[in-house]
Each structure stands twice: as structure tokens, then as C-alpha cells.
Amino acid sequence: MDFQGTLFDESPAADLAGLPRLAPRRTLLTRGAWVDVQRNWLPGADDVFTALVRDVPWRAERREMYDRVVDVPRLVHTYGVGEVLPHPLLTEAREALSEHYRPELGERFVTAGCCYYRDGRDSVAWHGDRIGRGRVHDTMVAIVSVGDPRRLMLRPRGGGESISVTMGHGDLLVMGGSCQRTWEHAVPKTAAAGPRLSVQFRPLHVF
């Protein structure tokens, strides 16, 4: 399956905070997992992109792979509980997501992990947020994407048909239910792509 097209014929009405009203389209997966997608949700995505590139204290990580240590092919930074985010629209987005999903999630989004994919060579391998409470409890991860479009791939853990969601400039994707435990996701390398940044809002103790 491929969900690359726009999911709405017209943009949702804006709320008082300046963000469009949250009205995502939900796709049910297997084993209690689901994904919500809302196109063009983040206004001012150009300004957010600039602020993320300029103001986030990006760092490169290294990891062991077989018998050597290699660079992780992206830059990262995480804003913990109570830390000021690099753009006020991201703070508004976190609060709007918390209010919208709290009846279902039972708690608020409190951290913001940031990833900087500098070009098509940067990527993230198949994984789920399997550290902390996400490994045993249903939870949610809300991703706001700015910059060049990139594919987010999802597949059932243990094998099965994968799906592809192309995340564009200002798009929102939320993975919920059992998604972190029963499905995996990845951002694959691509032959040609410009810079793309993502902000992943998570509840407490979900990594």
C-alpha cells in the first residue's frame, strides 16, 4: 500500500492557536496498531525548518556494528521534559496533540526527539520504540516532518506486507495502539533528496 497522495480535499479549519484543527485520517493496521496522517498540518513550516537547522544542538552518534564502530546516518537531539523547544509552533503543536489524543492516550506528550536527514544517504533502519514503557504498553509517537519529502516505511514485526507513507513539508503522522510493539518503521535511503527534519513527540518513558 502507498499513501503518498493528499488525504484531504480541503484544509481543515484553523483553531484559535493558529494551527489547523486536528482531523487526521486513521488507517487501521494489524494486531491493534494504527497510524493517523494529516497533511499540511504545521503552518509556518519554512520557519520551523530554518529554526531546527540553526538552533538545535545537533550531534552525530556512533554505534557498534559487527566488529566495528560506525556513524549513525543522521543527526539527532532530544528535548527532555520541561526543556524549551526551538520554535514556538512546536510547543503549540505538542500541546494541541496532547489535548487531542489525551482521551485515548491517557497522558500528554512531554519529550521531543529531533532527527536531521541531511540528504538521501541519511536514514534510519527498521525499529520500534522498544525501550521503556513502549515495549510492553500501547502508546503513541507523533511525528511532524519539515523539508524534503521522505518515505516512512512500516511493516509487521516478524514479517508481512509493508506500507509506505510519504511525509511532506508540514505533515503529521501519529503511530498508535500497539504499533511500537507489533510493527517496525524505517526511513530508507534514497537516490536523491534534500534535507528533511522530523520532530517526534512522545509521552514520558517512551524511547
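The values are calculated or read from the model by the stated rules, or taken from the named source; none is laboratory data. None of the values given here were measured: they were computed from a predicted structure. Ideal geometry is used to build each Cβ from the backbone, glycine not excepted, and the neighbour counts take in all protein chains shown.
Just so you know, in the range 142-179 the residues that are over 20 Å from Thr91 (Cβ atoms) and of a type in the set (A, V, I, L, M, F, W, C) include one that is surrounded by the fewest Cβ atoms within 10 Å (Cβ to Cβ), and it is Met153.
If the condition is being assigned to a helix (DSSP H, G or I) and under 23 Å from Arg59 (Cβ atoms), then the range 94-109 contributes only Arg94.
Table: residues versus (1) farther than 26 Å from Asp55 by Cα; (2) touching a strand residue (DSSP E or B) at 6+ places or on another chain (Cβ under 8 Å).
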{"position": "Arg121", "(1), (2)": "no, yes"}
{"position": "Asp138", "(1), (2)": "yes, yes"}
{"position": "Val146", "(1), (2)": "no, yes"}
{"position": "Leu154", "(1), (2)": "yes, yes"}
{"position": "Gly159", "(1), (2)": "yes, no"}
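Does Thr166 satisfy the condition of being more than 17 Å from the chain's Cα centre (by Cα) and either under 21 Å from Leu52 (Cβ atoms) or at pLDDT 95 or above (or both)? Here the answer is no, as Thr166 does not meet what is asked. Hey, does the range 126-141 have a residue that's within 18 Å of Ala33 (Cα to Cα), among the acidic types (Asp, Glu) and buried (at least 18 other Cβ atoms within 10 Å of the Cβ)? The answer is yes, given that some residue of the range 126-141 is within 18 Å of Ala33 (Cα to Cα), among the acidic types (Asp, Glu) and buried (at least 18 other Cβ atoms within 10 Å of the Cβ). When each of Tyr101, Tyr66 is tested for being farther than 15 Å from Val146 by Cβ and either modelled with pLDDT of 95 or more or under 17 Å from the mean Cα position of the chain (by Cα) (or both), the lone residue that passes is Tyr101. For the subset of the range 15-54 comprising residues that are among the polar types (S, T, N, Q) and under 19 Å from Leu97 (Cα atoms), which member is surrounded by the most Cβ atoms within 10 Å (Cβ to Cβ)? That would be Gln38.
Please specify each residue of the range 1-50 satisfying the condition of being at pLDDT 95 or above, part of a strand (DSSP E or B) and out of contact with any Lys or Arg (no Cβ under 6 Å at 6 or more places or on another chain). Within the range 1-50, Arg25, Arg26, Thr27, Leu28, Ala33, Val35, Gln38 qualify. Report yes if Leu75 is farther than 30 Å from Arg31 by Cβ, of a type outside the set (Asp, Glu), under 15 Å from the mean Cα position of the chain (by Cα) and at pLDDT 95 or above, otherwise no. So Leu75 fits the description; yes. Condition test on Asp122, is it surrounded by 15 or more Cβ atoms within 10 Å (Cβ to Cβ), in a loop (DSSP other than H, G, I, E, B), modelled with pLDDT under 95 and not aromatic (Phe, Trp, Tyr)? Criteria not met by Asp122. On the stretch given as the range 188-207, residues that are under 12 Å from Ser145 (Cα atoms) and not basic (Lys, Arg) total 6.
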